[in-house]
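What follows is a set of notes on a single structure, which appears directly below.
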There are 2 protein chains.
Amino acid sequence: MTAEEKTTFNIDKTKDFGSWFNEIVAKAELADVRYNVKGFVVFQPWSVLSMKEMYDLWEDELEKHGHLPAFFPAVIPESNFKIEKEHVEGFAPEVFWITEHGAGEKFEERLGLRPTSETAMYRMYALWIRSYNDLPLKIYQSCQVWRHETKATKPFIRSREFHWIEAHDVYATQKEAEQQVIEDMEITQKCLFEQLGVPFMFFERPQWDKFAGAVKTFAADCLMPDGRVLQLPSTHYLGQNFSKAFNVKFIDKDGVEKYGWQTCYGPAISRIFAGVISTHGDNKGLVFPFSIAPKQIVIVPINFDTDSGVKDKAVELRDRLSQRYRVQLDLSDKRPGEKYYHWEMKGVPIRLEVGPRDVQKKSVVLVRRDTGAKQSVKEEELLQAIKKLGNEITENLKKKALKEFIEKITEARTIEQMEKNLGEGKIIRTNFCSLEMSSAACAEKVEKELGARVRGKRADLNEQPAGECPFCGKKAGVVAYIARQY
Amino acid sequence: MTAEEKTTFNIDKTKDFGSWFNEIVAKAELADVRYNVKGFVVFQPWSVLSMKEMYDLWEDELEKHGHLPAFFPAVIPESNFKIEKEHVEGFAPEVFWITEHGAGEKFEERLGLRPTSETAMYRMYALWIRSYNDLPLKIYQSCQVWRHETKATKPFIRSREFHWIEAHDVYATQKEAEQQVIEDMEITQKCLFEQLGVPFMFFERPQWDKFAGAVKTFAADCLMPDGRVLQLPSTHYLGQNFSKAFNVKFIDKDGVEKYGWQTCYGPAISRIFAGVISTHGDNKGLVFPFSIAPKQIVIVPINFDTDSGVKDKAVELRDRLSQRYRVQLDLSDKRPGEKYYHWEMKGVPIRLEVGPRDVQKKSVVLVRRDTGAKQSVKEEELLQAIKKLGNEITENLKKKALKEFIEKITEARTIEQMEKNLGEGKIIRTNFCSLEMSSAACAEKVEKELGARVRGKRADLNEQPAGECPFCGKKAGVVAYIARQY
């Protein structure tokens, strides 16, 4: 996109989310879908600046909870995949295989590009862990993974390469591993909702929708503006499934050799980015929470070609604010109005305007992206005002998003009611027979008759069912949630 | 390695660098070579914590100079590689090829794992750049690259997967692109020497040793303790070679369509890590510069099982110092002496000892890793003392390393003299015929007769030759440097 093009954005996010999303990805230069490998996109600076902040956020939180970073290889020998039977069944169909190098020299064994790293990491864990002294082992890596998806790809939401963090932990006891799953959910709450303002529910997934090889899968679903849920971080209680397969053993305090208890947690940063922009964006374009905005403040000088000192002041403010914030100074030839539209579309939380009169008064004007509210601020109070405003913007986005999210959760007792609610873009709370494999037939009905999926039961609440499962008429064993999904 | 093992380290780095390096990589848990794909290693937390700081250092510097981050795909279609002829000749022999996915479904076209990203990025640059308004374009990405090396691999120094940053810039004019090469060298000086204390020389490489597709290659060589040089960041002036091949064009101010002028810069973080630990390490193990140490301070409490308040004080200090520094508190059962050896081997710059008497006196003891010097510091002066000490440690390491480096550069006029000097682990400064292809025969003599390589001429100095080339007897056209290499 050249600078000459019109930069205004105006698409109704709620009415036509599909267009809104595709257009904002292109207009704001978030990702370019024209890369010449199917299912792969180029993530452009405006999204990457933000994703880097998101990486820092999660990595800090993981390290605060005792995780350490590592870099494991991106290639995994085929034999590693075959060690855990359920895991290979789940992932093998999606693996990209490296079979040769150079002029076509074949490898003796195919090498898979990691679709996830259990089979790379746990072989090493088996070498590293000897005694209870080596536990817990809590390691994460920030990396890309590759999955040959057959579903239609969409930038950030689903592509054949995505950017994530994966944390893989080993404990001496089942109880500690179960506690780790709760810690993962708390980290998610802290990062995804408290910092990024994306409301979600953590579900324990039904047995037919688990991570391949896990005992239990817990996943956070957020809601996109078209009423379909998007799975964000998931955490898996692996029990001893992998430790037995990969021989991850330790000598316990009692001198007895035991298998470790494992968990893994996978916040997919590039996908979470989709959740953030879809949740907060409006008809004018992007709206970023303050802490992860690619640029937090844009300075737009007014009439800066005159001798008014405006340009010098704008540069001075840029230099001063850059010590604390990510700041953009727009000295381009465009008219101020054009600049406003452009940076609103780009989602910069605070616009700082400074003109000749402001210079004289030693003040500036601050404009909020989320509400459009303007205020004049004395220069000496600027840092304080920005700090306050940054917090207010994030808090306002959270509040608004949470309200919208809660309004979309509805109770339904009949299939007809569900169909109507799903058509309105809602998440359904309902009685359901069970989440065990014995209820897979009901789940199939949900898919066939409603085009929706059973997302599981709330992981944070102990909700009690009362009544029958609307799909089989049996006594309900669980309160489940049903939604259409990405 | 279990906690019970002996943690002392004692290998003479200068006399037996090979063993020193391999042993410290294992003992300090920097990397594990037992991963079951040849040429691939697992980078463990103790190196990754430090490499993450190094990434931040370079990324900040690149962004300060106007670069923006992006994420390009790791897979590149074979047809992209073929666009620039010299480039494909240079890299094709080393590419890992993805040929199939899932149960063996073949891709129509082979996909290469990026060995470097020119051929992924410049196709997109051709789409992004339209007019002079879009220039300069300065983009970097932090990622891994994969090269099927035939040389013996060694963790950090050379492996089939390494971690780097690559910056790819496009300018409207040749002059600006040439200036970018100088900027890249300045960034290298700032990060590699000023911050990490690794001395190096920037050479313009001979024409027979260029990056595939470049007009000119400039590379920083540091010196390993065994007298072999290690190539660290290199920057390449690409001229219009790639822009013509990839159609990277723009409409200039004069309305004329022109090809862009390009450069690329590639600091290989995992390899620079090898340079850092090899430069500063000593016979007791690792010695980290303060700013990139995995942990900057280790707190060792003395007699903390008594009612002396030592443990509480140690925890309090850990919590306080952690707000500013990366701090390790060692509350393990080991004797203090054992802990000292262990953390010295791990290279932690500052050890903080606190015992019952210190608690009473409200003071602590600080011990420097680089010199072993001890000092008692009042608690209220602690933050200031650590800040000062951190700077002193880095400055001392720089000074020491620079002195050693300069002593290793020697002048030689005859082949016999060179042979002697190379045997002593030195870098040779000599008259040489030229760095053009016409001198390739002399370069071959250097390789065959001396087992060494012509590294090029100094990029930062305009050194004038006086005399003949010792290899062909012709009048020397250049002052060149010769060394054995990794």
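Points to keep in mind about this one:
- Residue check for B:Ala74: among the small types (Gly, Ala, Ser), open to solvent by less than 50 Å² (accessible area, probe 1.4 Å), at negative phi and touching an Asp or Glu at 6+ places or on another chain (Cβ under 7 Å): yes
- Considered as a group, the residues in segment A:247-275 that are open to solvent by 10 Å² or more (accessible area, probe 1.4 Å) and not in a strand (DSSP E or B) include one that is nearest to A:Asp169 (Cα to Cα), and that residue is A:Asn247.
- Only one of the listed residues (B:Glu149, B:Glu176, B:Glu166) is within 19 Å of B:Leu232 (Cβ to Cβ) and either assigned to a helix (DSSP H, G or I) or touching a Lys or Arg at 6+ places or on another chain (Cβ under 6 Å) (or both). That residue is B:Glu149.
- Identity of the residue in segment B:356-376, among the hydroxyl-bearing types (Ser, Thr, Tyr) and open to solvent by 40 Å² or more (accessible area, probe 1.4 Å), that ends up farthest from B:Lys399 (Cα to Cα): B:Ser376
- Of all residues making up segment B:205-222, the number that are open to solvent by 10 Å² or more (accessible area, probe 1.4 Å), under 25 Å from B:Leu57 (Cβ atoms) and out of contact with any Asp or Glu (no Cβ under 8 Å at 6 or more places or on another chain): 1
- Residue in segment B:404-421 that is at pLDDT 95 or above, assigned to a helix (DSSP H, G or I), under 16 Å from B:Asp209 (Cα atoms) and open to solvent by less than 90 Å² (accessible area, probe 1.4 Å) present: no
- Flag if B:Lys38 is closer than 26 Å to A:Met124 by Cα, more than 7 Å from chain A (Cβ to nearest Cβ) and open to solvent by 50 Å² or more (accessible area, probe 1.4 Å): yes
- Residue list for segment B:97-117, restricted to those being charged (D, E, K, R) and open to solvent by less than 50 Å² (accessible area, probe 1.4 Å): B:Glu100, B:Arg114
- Annotation note: Cβ proximity below 8 Å between a residue of segment A:80-108 that is at negative phi and within 11 Å of another protein chain (Cβ to nearest Cβ) and a residue that is in a helix (DSSP H, G or I) and open to solvent by 50 Å² or more (accessible area, probe 1.4 Å) (sequence gap 6+ or interchain) occurs for A:Asn80/A:Arg123; A:Ala103/B:Pro93.
- Residue list for segment B:134-153, restricted to those being open to solvent by 10 Å² or more (accessible area, probe 1.4 Å) and at pLDDT 95 or above: B:Asp134, B:Leu135, B:Pro136, B:Leu137, B:Lys138, B:Ser142, B:Gln144, B:Arg147, B:His148
- Here A:Asp169, A:Asp134 are screened, and the one residue that is more than 27 Å from B:Glu149 (Cβ to Cβ), among the acidic types (Asp, Glu) and facing another protein chain (nearest Cβ under 10 Å) is A:Asp134.
- Yes/no for B:Glu59 being touching a Pro at 6+ places or on another chain (Cβ under 8 Å), of a type in the set (D, E, K, R) and either away from chain A (no Cβ under 13 Å) or in contact (Cβ under 8 Å) with a residue 60 or more places away in the chain (or both): yes
- Residue that is of a type outside the set (S, T, N, Q), surrounded by 22 or more Cβ atoms within 10 Å (Cβ to Cβ) and either more than 9 Å from chain B (Cβ to nearest Cβ) or under 30 Å from B:Asp60 (Cα atoms) (or both), where the choices are A:Leu30, A:Leu68, A:Leu49: A:Leu30
- Residues located in segment B:410-457, provided they are touching a strand residue (DSSP E or B) at 6+ places or on another chain (Cβ under 8 Å) and without any contact (Cβ under 8 Å) to a residue 12 or more places away in the chain: B:Asn421, B:Glu447
- Of all residues in segment B:301-324, those satisfying the criterion of being closer than 30 Å to B:Ile272 by Cα and not charged (D, E, K, R) are B:Leu321, B:Ser322, B:Gln323.
- Qualifying positions in segment B:163-192 - under 15 Å from B:Arg458 (Cβ atoms), in contact (Cβ under 8 Å) with a residue 60 or more places away in the chain and open to solvent by 10 Å² or more (accessible area, probe 1.4 Å): B:Met185
- Qualifying residue in segment A:319-327 (condition: touching a Lys or Arg at 6+ places or on another chain (Cβ under 6 Å), buried (at least 20 other Cβ atoms within 10 Å of the Cβ) and under 23 Å from A:Thr394 (Cβ atoms)): yes
The values are calculated or read from the model by the stated rules, or taken from the named source; none is laboratory data. What you see is a predicted model, and the numbers here were worked out from it, not measured in a lab. Positions of Cβ are backbone-derived with ideal geometry, glycine not excepted, and every protein chain shown enters the neighbour counts. Side chains are part of the model used for accessible areas, which takes the heavy atoms of the whole protein and leaves out ligands, DNA and RNA. Shrake-Rupley method; radii C 1.70, N 1.55, O 1.52, S 1.80 Å.
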